[in-house]
Structures are given as structure tokens and as C-alpha cells.
Amino acid sequence: MLQPGLMMDRPLLISDVIEHAAAQFGDVQVVSRETHGPLFRYSYAQCAARARKLANALKHMGLTAGSAVGSIAWNNHRHLEAYYAVSGSGMVIHTCNPRLHPQQLIYIINHAEDSVMLFDSTFAPLVKGIAQHCPKVKAWVCLSDAANMPTVEGVANVLCYEDLIAPHSEQFDWPQFDERTGAALCYTSGTTGNPKGALYSHRAIVLNAMAGCMPGVVSLSPKDTVLPVVPMFHINAWCIPYAAPIAGAKLVLPGPRLDGASLYELMETERVTVSAGVPTIWLALMQHVEQHGLRFSTMRRTAVGGSAMPAALIARFADEYDVEVRHGWGMTETTAVATMSSLAPKHMELSAAERHAVIAKQGKSVFGVEIKVVDDNGATLPRDGVSQGELLVRGQWIVTGYYKGETSPLVDGWFPTGDIATIDAQGVMQIRDRAKDVIKTGGEWISSIDLESAAIAHPAVAMAAVIGVKHPKWDERPLMFIVRKPGQALEREEILAFLTERVAKWWVPDDVIFLDALPVGGTGKVQKGDLRKQYGGVFS
Ligand code: AMP
């Protein structure tokens with residue numbers, strides 16, 4: 001007969017994360033860029049005290065367990081306090097992506113039944129436009145002090161965050177409840193149909209945040225200062241706002257300033273050791289650093305994900321700046337990171353270029369997550385690094401369904417990701433493409449990711465994107481978009497010749513269009529849908 005273990009059964013709750021930080025790392029700093037410009041600085045102990053004040057304020061407003069509180073906000077200290085106050089009270093923090101179409105924002109606010117909305121003053125015009133369509137929201141709270149409040153004409157019940165929490169006590173008894181309770185809600189970006197909500201539990205978030213601290217994942221300890229550039233409005237900023245307090249790492253929040261110059265300055269002045277963000281952010285940072293001949297004096301690691309990190313950029317970070325790239329994969333439905341690239345001692349014998357190629361893959365599943373790839377009939381494909389099919393995932397922090405969704409997306413207990421991948425004998429996963437981005441030509445597949453990574457290796461290329469365009473003979477053919485680095489005179493023939501040396505002949509794009517910028521969405525990903533809409537008919 002099975003023996004019950006004689007261990008306490010304490011729930012994994014988000015309130016315990018901030019209380020742990022307040023008690024064990026009470027003097028460790030949180031630094032935050034205010035929306036109106038200056039840096040704000042306080043400690044985890046003060047952060048916890050203000051989170052308790054906010055929890056009291058929400059209770060005073062009549063919110064109860066299960067209520068949803070929305071946010072349209074940057075990465076800053078007030079948003080961080082809301083992460084803890086709302087979830088810690090048994091309510092759900094619904095982080096909204098401000099770059100969603102206003103109609104979609106209205107849809108998700110109503111669908112989530114947000115009863116209070118928190119917003120940064122940047123988004124006051126947005127709030128003005130949507131408020132009248134969100135009848136369940138009883139207060140719009142601007143994450144600001146009284147001196148920096150925007151005017152939001154025509155919106156009833158706009159409150160100032162600092163005024164709201166000021167009268168309340170720093171004492172609050174965090175309720176105890178089941179760790180499987182919903183804590184945070186994030187909607188997919190919904191390129192087709194309405195956005196769908198992933199409702200993360202306390203357990204999923206805490207387990208993921210603990211995994212993120214591990215040396216082979218993001219790796220955080222009290223020696224670190226971590227700068228999450230990845231937004232708190234999308235997939236919990238990869239759970240770094242929870243992982244940093246668990247690890248006792250100093251947390252630096254960049255607010256609205258995400259350009260290369262501002263990020264570099266923040267990294268230097270706050271002595272950041274670890275950062276996290278999408279490749280487009282690092283492309284901009286690298287351009288700034290290269291243009292001005294700068295060095296990173298403390299930054300040693302950067303976690304990258306959200307889209308594929310090209311090997312050429314990994315090489316620039318590693319070879320020229322001694323910054324190690326940790327390349328991970330995850331999606332809205334996986335709470336945060338699910339797989340992570342890693343180097344083992346055996347890789348040290350390889351050339352630098354070969355090592356970068358290892359990192360350019362999305363890596364092994366983190367403990368707590370399992371992955372497999374399947375063919376069109378759902379049969380599991382061999383782990384041979386070649387057989388490609390849809391990536392399926394299951395584990396401790398993977399969704400079982402969507403918020404208020406009627407049908408389960410799961411297939412035999414696995415979540416189908418819509419990504420096409422290979423897995424090798426050592427468990428290393430490589431994303432070949434998003435199923436909808438893969439270019440099907442003459443019965444074969446071309447990976448848009450591989451073509452983009454090859455183009456980025458050209459020294460005159462700042463950004464590259466490839467889409468499949470309808471073709472009368474081949475079904476689809478690749479069309480490439482290039483953004484040149486400033487002052488560079490790259491032309492079509494030169495980039496095509498460059499690619500011909502690096503990819504199979506039939507992969508070489510049929511045409512190249514030079515643009516000043518690529519359409520980039522709120523989460524920093526290139527919006528291929530927009531490119532398809534505009535250029536999809538080019539070869540017909
Ligand atoms: P989202 O849910 O909006 O965060 O998008 C998740 C999708 O981003 C995944 O399904 C992948 O298609 C893509 N993605 C995330 N990380 C990576 C990565 N490291 N390499 C390639 N694609 C990625």
C-alpha cells in the first residue's frame with residue numbers, strides 16, 4: 001500500500017513570494033523608471049508594504065476573491081505591487097497588451113469582467129477611447145502620483161493610485177487558499193478570431209518562477225541584478241517579477257523607455273548582470289552599442305525568446321561583448337519559459353560558430369515540462385533532429401483550456417502549440433517555423449526562421465523577415481523584407497548572392513523588398529500578418 005509522506009502540505013502562493021523577499025532580502029533594491037521619466041528606487045520590504053496597502057484599498061473598494069483587476073501598464077514598481085496585491089488577495093490580475101486593437105481590448109476587458117482597471121498615463125488616450133464600452137469597470141486607476149495625473153476627459157471615476165493607497169494600512173493578512181486558484185490572466189494576441197485567455201494558477205507561476213532561477217535557465221541569485229525588458233503585460237514578463245524576489249536578485253524595471261540608448265544607460269548605471277527580452281529589442285540595443293563603440297561593464301547573460309534568436313546575433317553578444325545568450329521558447333499558454341538552450345562540457349570542444357548554432361536552437365524542456373513532435377495523424381515522430389512536425393507540450397505550467405472556453409484544446413492531455421519543430425536524440429528542440437509562417441513550395445517546406453537568420457548575418461542588415469507569397473507554379477515562394485542598418489547601401493543582388501552561399505538554392509527568395517522598418521507588435525514580434533496583407537499577392 002502507498003504510504004502518505006509525512007510532510008506539510010503548504011500551498012504555493014504568490015503572496016509568499018513577496019513576503020519571502022521582504023523578510024529575507026528586505027534591503028535589496030527595486031529600481032523603476034517612472035512613466036514621466038525619473039528613476040524611482042525602493043526595497044523589497046517597501047514593495048511588500050505598498051502591496052499590502054493596495055490589497056487593503058482593493059478590499060475597501062468592495063472587490064473580493066475571484067474579482068478581476070485589469071492592467072494596461074509598463075514594467076514599473078506600481079505594476080509590480082499590483083501583481084502581488086491582486087493575486088495575493090485571491091483576485092486575478094488581467095494584464096492587457098496596450099498594442100491590441102482597441103476593439104480587442106474592449107473585448108478582453110469585458111470577457112475577463114475586470115472590475116477595476118489600472119493604467120499608466122501613457123495610455124490615457126486609449127482609456128478615453130475604450131472606457132464607455134467597458135460597463136463593468138467601476139474605477140480606472142492611473143498608476144501615478146497626484147502631480148503627474150493625466151486628464152482623461154469624459155471618463156467617470158478616474159482615480160490616482162497614490163491617493164488610493166495612501167490612507168490604507170501596511171498590514172494585511174494574505175488569505176490562504178488552494179494553490180490551483182487563478183492568479184493572473186493573459187490573452188493571446190488573437191491574430192485570427194477573438195483573443196483567448198490563459199488563466200495562470202498560483203502553483204504554475206510559483207513553480208515556473210522557481211525553475212527560472214535555476215542555473216541552467218535564466219539563473220538568478222542574490223548576486224544578480226535583473227532587467228526584464230519583456231513586458232509585464234505579456235506572459236508575466238516571463239515570471240521574472242516573481243523569480244527575482246524568490247532569488248533575492250535586484251530588480252530593474254525599464255518603464256516605457258525600451259530604445260537601445262535608454263536600455264544601455266540603465267544597464268550601466270544599475271549594474272545589470274542579467275536581462276531578458278525578445279530579439280528585436282536586442283537588435284536595437286546591439287546597434288546602439290556598435291554605433292557608439294560601447295562595452296557592457298556588468299551584463300553577462302541575456303535570456304531571449306518570443307521569436308527565434310539568429311545565430312549571428314548570438315555570436316555578436318558572445319564573441320564581441322562576452323554576454324552569454326540563453327535562448328528559450330514559450331508561449332502565452334505556457335506561463336513563461338518551457339524550453340531553454342544550454343551548453344554542456346562537450347560543446348566546449350566545438351568552434352565558436354558551432355556553439356552559437358547550439359544556442360540558436362530552442363533547447364531542452366525545463367524540468368516540469370515535457371515536449372514531443374507529431375505528424376499530421378498525431379503519431380509521435382522520432383527524436384532524430386530531422387523529423388519535423390507539430391510541437392506538443394504538457395506539464396506543470398501549461399494551460400488545460402482557455403478562460404470561459406467551451407472546448408478543450410488538448411489532444412490526449414497534450415497542448416498543440418501550432419509550432420513546427422524537430423527534437424534530437426538528446427532532447428534538444430528546434431523551432432522550424434510557426435505552422436502558419438512555414439513556406440510551402442513545390443511540396444517542400446522552407447523555414448522562414450532559417451532564411452531570416454541567414455540574412456541577419458550580413459553586416460548591413462538590421463532586420464529581416466520572410467513570408468510565403470502565393471505563386472502560380474510553386475504554390476508559395478519566399479519574399480524577403482530587409483531593413484538596412486543606417487548608412488548602409490545594400491542592394492537586392494548582393495543579399496541574394498550572400499544567401500545563395502548559405503542556403504539551398506531553392507530557398508533563395510524570389511524577391512527582396514527594402515523597408516525603413518518592419519511592422520512590430522506590442523510584444524516585439526514582427527507582424528507577418530501585416531506583411532502578408534500588404535504584399536501577399538506579389539507573385540500572382
Ligand atoms: P505568444 O503566445 O504571443 O508569446 O507567442 C508564442 C509563439 O512565439 C510561439 O508559439 C512561437 O511561435 C514563438 N516563439 C516563442 N519563442 C520562440 C523562440 N525562441 N524561437 C522561435 N519562436 C518562438
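The values are calculated or read from the model by the stated rules, or taken from the named source; none is laboratory data. The structure presented is a predicted model; accordingly, all values stated were derived computationally and were not measured. When we count neighbours, we look across all protein chains shown, and the Cβ atoms used for this are built from the backbone with ideal geometry, even at glycine. The area values use the complete protein model at the heavy-atom level, side chains included, leaving out ligands, DNA and RNA. Shrake-Rupley method; radii C 1.70, N 1.55, O 1.52, S 1.80 Å.
Let me have the relative contact order for the stretch 228-285, percent, based on Cα pairs under 8 Å that are six or more residues apart.
40 percent
Summing -39500 (n - 2.57) over the DSSP H runs of n ≥ 4 in the chain and dividing by its residue number, what mean residue ellipticity at 222 nm do you reach, to the nearest 500 deg cm²/dmol?
On the way: 15 runs with 146 residues, N = 540.
The per-residue figure over the chain is -8000 deg cm²/dmol.
What's the center-to-center distance, using Cα atoms, between the stretch 266-311 and the stretch 39-64 in Å?
Using only Cα atoms to place each centre, the spacing works out to 31 Å.
HIS60 versus ALA489, label points 7 Å from Cα toward the beta carbon: distance in nm?
Inter-label distance under the simple model: 6.7 nm.
So, in nm, how far is label ASN148 from label HIS133 when the simple model puts each one 7 Å beyond its Cα toward the Cβ?
Here the modelled spin labels are 2.9 nm apart.
From the backbone phi of the stretch 328-337, what are the Karplus-calculated ³J(HN,Hα) couplings (6.51 cos²θ - 1.76 cosθ + 1.60, θ = phi - 60°) in whole Hz, Gly and Pro given as x?
These are the phi-based 3J(HN,Hα) values: x, 10, x, 8, 3, 6, 10, 6, 6, 5 Hz.
Among HIS111, HIS60, HIS101, what's the order by accessible area (1.4 angstrom probe), most exposed first?
On the way: HIS111 40, HIS60 145, HIS101 110 Å².
Final ranking, largest accessible area leading: HIS60, HIS101, HIS111.
Run the quick spin-label model on ASP516 and ASN194: label points 7 Å from Cα toward the beta carbon, then report their separation in nm to one decimal.
3.8 nm
Counting only residues 5 or more places away or on other chains, whose amide H sits under 5 Å from the amide H of VAL116 once H atoms are built in the peptide plane?
GLY70, LYS138
Report the relative contact order of the stretch 439-535, percent, no decimals, based on alpha-carbon pairs under 8 angstrom and at least 6 residues apart. Can you show the working numbers first?
Working: 150 pairs, mean separation 25.5, N = 97.
Relative contact order, the stretch 439-535: 26 percent.
Given H placed on each backbone N at 1.01 Å, which residues far from ARG434 in sequence or on other chains put an amide H within less than 5 Å of it?
ILE420
Just want the answer: with Cβ charges of +1 for Lys and Arg and -1 for Asp and Glu, which residue in ILE495, GLY468, ILE482 is farthest toward the dipole's positive end in the stretch 439-535?
Of ILE495, GLY468, ILE482, it is GLY468.
Give the cross-link partners of LYS53 among the lysines, using a straight C-alpha distance below 23 Å as the criterion and excluding same-chain residues fewer than 8 apart.
In chain and number order, the partners are LYS138, LYS250.
For the stretch 439-535, what does the accessible surface come to per residue with a 1.4 Å probe? Please give it in Å².
Details: 4550 Å² over 97 residues.
Value returned for the stretch 439-535: 47 Å² of accessible area per residue.
Per the 1.4 Å probe, what fraction of the accessible area of the stretch 24-348, in percent, lies on carbon and sulfur atoms?
Details: 5820 of 11170 Å².
Carbon plus sulfur share of accessible area: 52 percent.
Hey, any idea what % of the stretch 439-535's accessible area is carbon plus sulfur with a 1.4 Å probe? Let's see the in-between values first.
Numbers: 2320 of 4550 Å².
Answer for the stretch 439-535: carbon and sulfur cover 51 percent of the accessible area.
Can you tell me the length gained on complete extension of the stretch ALA435 to GLN176, counting 0.36 nm per residue apart and subtracting the Cα distance?
Details: separation 259, 0.36 × 259 = 93.24 nm, distance 4.21 nm.
My answer for the length gained is 89.0 nm.
Excluding same-chain residues fewer than 8 positions from LYS436, which lysines have a Cα within less than 28 Å of its Cα?
Straight-line reach from LYS436, under 28 Å: LYS196, LYS361, LYS364, LYS372, LYS404, LYS470, LYS473, LYS505, LYS525, LYS528, LYS533.
Using only protein heavy atoms and a 1.4 Å probe, report how much of ASP16 is accessible, in Å² to the nearest 10.
60 Å²
At most 14 other Cβ atoms within 10 Å and a DSSP loop assignment: could you name the chymotrypsin sites (Phe, Trp or Tyr not before Pro) in the stretch 288-389 that fit? Could the numbers behind the result be given before it?
Values: sites: PHE296, PHE317, TYR321, TRP329, PHE367; in loops: PHE296, PHE367.
Hits after loop and neighbour filter: PHE367.
Calculate the all-directions average of the projected area of the stretch 311-430's alpha-carbon convex hull, and give it in nm².
Details: hull surface 33.7 nm².
Average of the hull's projected areas for the stretch 311-430 equals 8.4 nm².
LEU350 to PHE367: extension gain in nm, 0.36 nm per residue of separation minus the Cα-Cα distance? All intermediate terms of the calculation are to be shown ahead of the outcome.
Numbers: separation 17, 0.36 × 17 = 6.12 nm, distance 2.64 nm.
Fully extending the segment from LEU350 to PHE367 adds 3.5 nm.
With charges set only on the Cβ (+1 for Lys and Arg, -1 for Asp and Glu), what does the dipole of the stretch 272-417 come to about its Cα centre, in debye to the nearest 20? Mind showing how you got there, number by number?
On the way: 13 positive and 15 negative charges, 88 e Å.
Charge dipole, the stretch 272-417, about its Cα centre: 420 debye, nearest 20.
Considering only C-alpha atoms, what is the centroid distance from the stretch 208-246 to the stretch 72-150, in Å?
23 Å
Taking all protein chains together and a probe of 1.4 Å, list SER387, SER189 from the most accessible to the least accessible.
Working: SER387 25, SER189 65 Å².
Final ranking, largest accessible area leading: SER189, SER387.
Which ³J(HN,Hα) values, rounded to whole Hz and listed in residue order, are derived for the stretch 285-301 from phi using the Karplus coefficients 6.51, -1.76 and 1.60 in 6.51 cos²θ - 1.76 cosθ + 1.60 with θ = phi - 60°, glycine and proline given as x?
5, 5, 4, 5, 5, 5, 4, 9, x, 8, 10, 8, 7, 10, 5, 10, 9
State the percent of C-alpha pairs, over all pairs in the stretch 465-540, separated by a distance greater than 18 angstrom.
45 percent
How many Å² of accessible area per residue for the stretch 24-348, probe 1.4 Å? Don't skip to the answer; put the middle values down first.
Details: 11170 Å² over 325 residues.
I get 34 Å² per residue for this part.
Once phi is turned into ³J(HN,Hα) by the Karplus curve 6.51 cos²θ - 1.76 cosθ + 1.60 with θ = phi - 60°, what whole-Hz value does each residue of the stretch 221-229 show in order, with x for glycine and proline?
Here the 3J(HN,Hα) series is 8, x, 7, 9, 10, 10, 10, x, 8 Hz.
Say a paramagnetic label sat at a point 7 Å from the Cα of TYR42, along Cα to Cβ; which residues of the stretch 86-102 have their backbone N under 20 Å from it?
Of the residues in the stretch 86-102, 86-90, 93 have backbone N under 20 Å from the label point off TYR42.
Please list, in chain and number order, the residues 5+ apart from LEU381 or on another chain whose amide H is under 5 Å from its amide H, with Hs placed from the backbone.
Those qualifying (amide H under 5 Å, at least 5 residues apart or on another chain) are VAL373, VAL374, ASP375.
Averaging sequence separations of C-alpha pairs under 8 Å and six or more residues apart, then dividing by the length of the chain, give the relative contact order as a whole percent.
On the way: 1172 pairs, mean separation 56.3, N = 540.
Dividing the mean separation by the residue count of the chain yields 10 percent.
Can you give the accessible area of VAL520, probe radius 1.4 Å, in Å² rounded to 10?
Near enough 70 Å² of accessible area.
Figure the gain on full extension for LYS404 and SER297 (residue separation times 0.36 nm, minus the Cα-Cα span) and round it to one decimal in nm.
On the way: separation 107, 0.36 × 107 = 38.52 nm, distance 4.81 nm.
That pair, LYS404 and SER297, stretches by 33.7 nm at full extension.
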